Amino acid sequence: AQKVTQAQTEISVVEKEDVTLDCVYETRDTTYYLFWYKQPPSGELVFLIRRNSFDEQNEISGRYSWNFQKSTSSFNFTITASQVVDSAVYFCALDNFNKFYFGSGTKLNVKP
Amino acid sequence: GAVVSQHPSWVICKSGTSVKIECRSLDFQATTMFWYRQFPKQSLMLMATSNEGSKATYEQGVEKDKFLINHASLTLSTLTVTSAHPEDSSFYICSAREFGTGGEAFFGQGTRLTVV
């Protein structure tokens with residue numbers, strides 16, 4: 001069975017703090033993709049990153065970085081020097097090419 | 001990346017009426033499309049998977065007669081909420097997958113349905 005767990009329901013930080021959003025997944029598939037999406041209040045899902053199961057290299061994009069570790073089935077997302085505009089709900093998801101499996105989401109509040 | 005357009009972005013309808021939501025893949029052929037429902041402060045819940053030219057596969061607990069899905073072409077799928085009730089008010093999101101299974105999936109911008 002596939003499952004994506006985001007244990008942090010809500011996180012509040014002060015602007016400029018670093019914050020890590022956790023994501024742990026379960027799957028028996030050997031080939032899959034992992035995603036992070038940002039959902040602002042408007043509701044649209046904003047694509048942040050896609051990582052395939054064979055690529056464990058960490059990735060950095062500006063203030064965003066992702067740590068993929070197959071050994072612990074984790075795909076964590078770190079925002080460095082957070083900004084108020086980062087406030088949103090963030091979803092981690094797994095795609096096994098049949099269906100998408102979403103985590104429950106983490107609401108990030110960045111206060112000025 | 002590829003673009004999936006969902007229309008309308010929001011709709012208000014009276015209880016008892018039907019509402020149709022369209023999902024279009026603008027620059028690719030989508031053999032498979034998915035419909036999700038999201039209640040406030042909750043995650044996306046898969047409602048059904050539709051393949052072009054065949055009947056949709058509904059997830060357990062989703063009423064197929066209530067939520068009619070049509071995937072008549074490789075670029076268009078529609079979700080019709082029939083005889084809408086206030087409890088159907090929700091955020092509906094579609095996604096479209098290129099090349100059937102194995103292709104990347106892209107999400108529409110969502111439709112906020114309010115039934116009054």
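The values are calculated or read from the model by the stated rules, or taken from the named source; none is laboratory data. Computed from a predicted structure; not experimentally measured. A quick note on method: Cβ atoms are made from the backbone with ideal geometry, for glycine too, and the neighbour counts reach across all protein chains shown. Surface areas here come from the heavy atoms of the whole protein model, side chains and all, with no ligands, DNA or RNA. Shrake-Rupley method; radii C 1.70, N 1.55, O 1.52, S 1.80 Å.
What the table below lists for this structure:
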quantity: Residue list for region B:38-49, restricted to those being in contact with an Asp or Glu (Cβ under 9 Å, 6 or more places away or on another chain) and open to solvent by less than 30 Å² (accessible area, probe 1.4 Å); calculated: B:46, B:47, B:48, B:49
quantity: Candidate set: region B:65-89, residues that are among the small types (Gly, Ala, Ser) and in contact with a Cys (Cβ under 8 Å, 6 or more places away or on another chain); chosen: the one farthest from residue B:24 (Cα to Cα); calculated: B:84
quantity: Long-range neighbours under 7 Å by Cβ, at least six apart or interchain, first residue closer than 25 Å to residue A:111 by Cα within region A:1-13, second at pLDDT 95 or above and not in a strand (DSSP E or B); calculated: A:6/A:22; A:6/A:23; A:6/A:103; A:6/A:104; A:6/A:105; A:7/A:22; A:8/A:22; A:13/A:82
quantity: In region B:26-51, residue modelled with the highest pLDDT [restricted to those that are touching a Ser or Thr at 6+ places or on another chain (Cβ under 7 Å) and more than 26 Å from residue A:41 (Cβ to Cβ)]; calculated: B:48
quantity: Selection within region A:95-112 - open to solvent by less than 60 Å² (accessible area, probe 1.4 Å) and among the small types (Gly, Ala, Ser); calculated: A:103, A:105
quantity: Every residue from region B:1-58 that is farther than 17 Å from residue B:81 by Cα, hydroxyl-bearing (Ser, Thr, Tyr) and free of Cβ contacts under 8 Å to residues at least 24 places away in the same chain; calculated: B:43, B:54
quantity: Tally, over region B:58-77, of residues that are within 17 Å of residue B:7 (Cα to Cα) and assigned to a strand (DSSP E or B); calculated: 9
quantity: Every residue from region B:1-32 that is open to solvent by 80 Å² or more (accessible area, probe 1.4 Å) and of a type in the set (S, T, N, Q); calculated: B:29
quantity: Residues of region B:1-28 that turn out to be out of contact with any strand residue (DSSP E or B) (no Cβ under 7 Å at 6 or more places or on another chain) and either assigned to a strand (DSSP E or B) or not β-branched (Val, Ile, Thr) (or both), as a count; calculated: 3
quantity: Filter pass, residue B:80 being within 14 Å of another protein chain (Cβ to nearest Cβ), open to solvent by 20 Å² or more (accessible area, probe 1.4 Å), among the polar types (S, T, N, Q) and in a strand (DSSP E or B); calculated: no
quantity: Number of positions in region A:30-44 that are surrounded by fewer than 13 Cβ atoms within 10 Å (Cβ to Cβ), under 21 Å from residue A:87 (Cα atoms) and among the polar types (S, T, N, Q); calculated: 1
quantity: Residue in region B:87-97 that is out of contact with any Leu (no Cβ under 9 Å at 6 or more places or on another chain) and assigned to a loop (DSSP other than H, G, I, E, B) present; calculated: no
quantity: Output for region A:45-94, where each listed residue is surrounded by 13 or more Cβ atoms within 10 Å (Cβ to Cβ), of a type in the set (A, V, I, L, M, F, W, C) and more than 14 Å from chain B (Cβ to nearest Cβ); calculated: A:66, A:68, A:75, A:77, A:79
quantity: Any hit, region B:85-107, residues being more than 14 Å from chain A (Cβ to nearest Cβ), buried (at least 21 other Cβ atoms within 10 Å of the Cβ) and of a type in the set (Ser, Thr, Tyr); calculated: no
